[in-house]
Amino acid sequence: MGSRGHSVVGRRAERLACAALALAAILTLPLAGCGKRPSAKQTIIFWQFSPLTAIRPVIDRFEKDYPDLDVQVEQLTWQSGREKIVAAIAAGRPPDLCEIGSTFLPGLVADSTLIDLTDSIPELIPVLRGWPVVRSRGRIYAIPWMLGTRALYMNGDLMKRAGLSPLRPPTTWASFARAVQLVDAVDPEAKGFGMNSGEREVLFKKFMPFAWGNGGDILDSTLTRSVVLSPQNIEALRFYLSLKPHSLLDRQEMLDEAFSRGRLGFIISGPWMLRKLPESAPHLHFEVTLMPRPAEGRGSPASFAGAEALGVFRGSRGKAAALQLARFLVREENAMPLYVATGNAFPAAVAAEQDSYFVSHPRDRVFVEQLRTAVAPPVHPRWVEMEEILNGELEEAIYGKKSAEAALRSADSRIVALLNPGP
C-alpha cells in the first residue's frame, strides 16, 4: 500500500518517457529530462490501532480531498504497539503521525520525542475534548482523537428477580452495595458483581473511579506529591472491597462472558459490550447506567478516562502533512464513523455529542454522559511505573493479603520514593 505502488508507477512512467518523449504530455507529473524520475506524491506514514477495514474509508476520503498526499497506514496492536513505537524512535525512523495511548504518552513527552503543538493548533482547542490528557506543564504535545471510559452494566432480569427495577438503577454506593447483595442472594448460580483480578493492568481503572468520585486522587495538582494515602481513597477502597464477598473475581474477558450468560448482576465495562452482547446474548435484557457516587448530593459518578491522541515526533520527515492529516481525522464527520465501526472510543470532537446516532442508540449516550465526569490519570513521565505500583498493591488488597489502608500506605510510600529518588 502507499509508497510501494507509487514507485512502480514512477518506474513505468520513466520507461515510457525515455522510449517516447511525445508521451510526456500525458504524464501527470512532468519530467525534467530522460533518465530522471518524476516526483511522487508526498507520503505520510501513519501508525494507529484500529482495524484497517475501519480506518481505510476515512483515509480514502482524506486522499480524495488532498490528492497530493498519500497515506501509508499501519495497524499496531495493544500488546506490542508501545514497544514498536519506542524502537522506531530509537532507530530514528518514527512514523510521521502516530496514535498514542494516554497511558504511555507522558513518557514520550518526558523523553522530548514529541513536538510541542501548542502554537500550531489553537483553532482546535474549543472544538475538542480531552486536552488534560495531552497537556504537560501548560503545553500541548498531542491532539485528542478518541476518548474512552467505562460505565455500569446491569442485568435487568436478575434485578427484577431481586425485587429491583432496572428503570431505577443504583446511583449511590449504598444503593449499589444493596443491589449487589440482593442479586447475589437471589440465584445460587449468579454473583452480584464482577470484580477484576488476574490482570494487574486493569485493576486501578476499576477502583480509582470510586476514589475519584469521592474526591480522592493519585498525585496533587502540582504532580509532585503523592496523595494516595488519603481518607477519601481509604474510604473508597474499603467500600470496593466490601463488594468482594458477593462478587466473581476474574479477568475482564471472563467477567464479560459471565455477564453475557446471565451470571452477573453488574459489571464495569466499556462501550464495546454494546456491540458484543446483542450478538453473543440476544436474549439478555441489560441496561447501562452511570457509575454510582458516594452518596446523594456528595461526590460524583466518576469513571476512568482514557484517550487516543495523535502525536507528531521530532524525527518525522513530514510534520506539516502529518498535522494536516491529524486535523482531518479529529473532525466530527471523520471520527464518528470510526466509533460506529469499532464501538471502542468516542470522538473527542465536541460536535459528536449531537450526532443523530446517539438519538437512536441511547445506551451509547450513557457513555458520552459518563465522559463528563470521567478522570484521566496524571500526565507524569513516570506514570507507567506508578500504575504498576497501584495495580500491584490493589491486587494484594483484593486477594486479602493486605487491608485497604495497608495497601494504599505501601503504594503511597513507593510512589513517594519514585517522585523523590534521592542522591
Q | Restraint check, Lys244/Lys401; Lys244/Lys276; Lys84/Lys205; Lys191/Lys244, Cα-Cα greater than 20 Å | A | Lys244/Lys276; Lys84/Lys205
Q: Express in whole angstrom the spacing between the alpha-carbon centres of the stretch 38-81 and the stretch 226-304.
A: 36
Q.
Can you tell me the orientation of helix 81-90 relative to the chain, as the angle in degrees between its alpha-carbon axis and the longest Cα principal axis, to the nearest 10?
A. 50
Q) Comparing Ala407, Ala302, Ala142, which has the greatest mean-square fluctuation in the GNM of the chain with Cα pairs linked when under 10 Å apart? A) Ala407
Q) Each residue of the stretch 379-391 in order: what ³J(HN,Hα) in whole Hz does its phi give by Karplus 6.51 cos²θ - 1.76 cosθ + 1.60, θ = phi - 60°, with x for Gly and Pro? A) 7, 10, x, 10, 4, 4, 5, 4, 4, 5, 5, 4, 4
Q | Percent antiparallel among DSSP beta bridges (both partners in the chain, rounded to 5) | A | 60
Q) Given the options Pro347, Pro245, Pro169, which has the most mean-square fluctuation in a GNM of the chain, springs set between C-alpha atoms less than 10 angstrom apart? A) Pro245
Q. To the nearest 10 degrees, how steeply does helix 362-371 sit against the main Cα axis of the chain, on a 0 to 90 scale?
A. 90
Q: Mind listing the long-range amide H neighbours of Ile140? Cut-off is under 5 Å, sequence gap 5 or more, other chains count too, H placed in the peptide plane at 1.01 Å from N.
A: Leu117, Thr118
Q: Using θ = phi - 60° and the Karplus relation 6.51 cos²θ - 1.76 cosθ + 1.60, list the HN-Hα couplings for the stretch 51-62 in order, rounded to whole Hz, with x at every Gly or Pro.
A: x, 4, 5, 7, 7, 4, x, 5, 5, 4, 5, 4
Q) Counting pairs of alpha carbon atoms under 8 Å apart in space and at least six apart in sequence, what relative contact order in percent does the stretch 256-318 give? A) 19
Q) Quick one: Met208, Met146, fewest Cβ neighbours within 10 Å first, how do they rank? A) Met208, Met146
Q: Report, in whole Å, the centroid distance computed from the Cα atoms of the stretch 112-141 and the stretch 334-411.
A: 20
Q. Length gain on complete extension for the stretch Arg178 to Arg238, per 0.36 nm per residue less the alpha carbon to alpha carbon distance?
A. 20.1 nm
Q | Among Ala91, Ala376, Ala177: highest mean-square fluctuation, GNM of the chain, C-alpha pairs under 10 Å | A | Ala91
**Q.** Amide H partners (placed H, <5 Å) of Asp70, local residues excluded
**A.** Gln42, Thr43, Ile44
Q: Could you please report the charge total around Leu329, scoring K, R as +1 and D, E as -1 over all other residues with beta-carbon less than 14 angstrom from its beta-carbon?
A: -4
Q | Relative contact order of the chain, defined on C-alpha pairs under 8 angstrom at six or more residues apart (%) | A | 23
Q | Dimensionless Rg ratio for the chain, taking C-alpha atoms and the 2.2 N^0.38 Å reference | A | 1.14
Q: Enter the angle in degrees (range 0 to 90, nearest 10) between the Cα long axis of helix 319-329 and the first principal axis of the Cα atoms of the chain, meaning the one along which they spread out most.
A: 50
Q.
Under the 0.36 nm per residue contour assumption, what length would be gained going from the current alpha-carbon distance of Tyr357 and Trp78 to full extension?
A. 97.7 nm
Q) By how many nm would the segment from Arg168 to Asp60 lengthen if fully extended, with 0.36 nm per residue of separation less the alpha-carbon distance? A) 34.4 nm
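A short reminder: the numbers here are calculations on the coordinates, not readings from a lab. As the structure is a prediction and not an experimental result, all values here were calculated from the model. Here the Cβ is made from the backbone with ideal geometry for all residues, glycine too, and neighbour counts use every protein chain on show.
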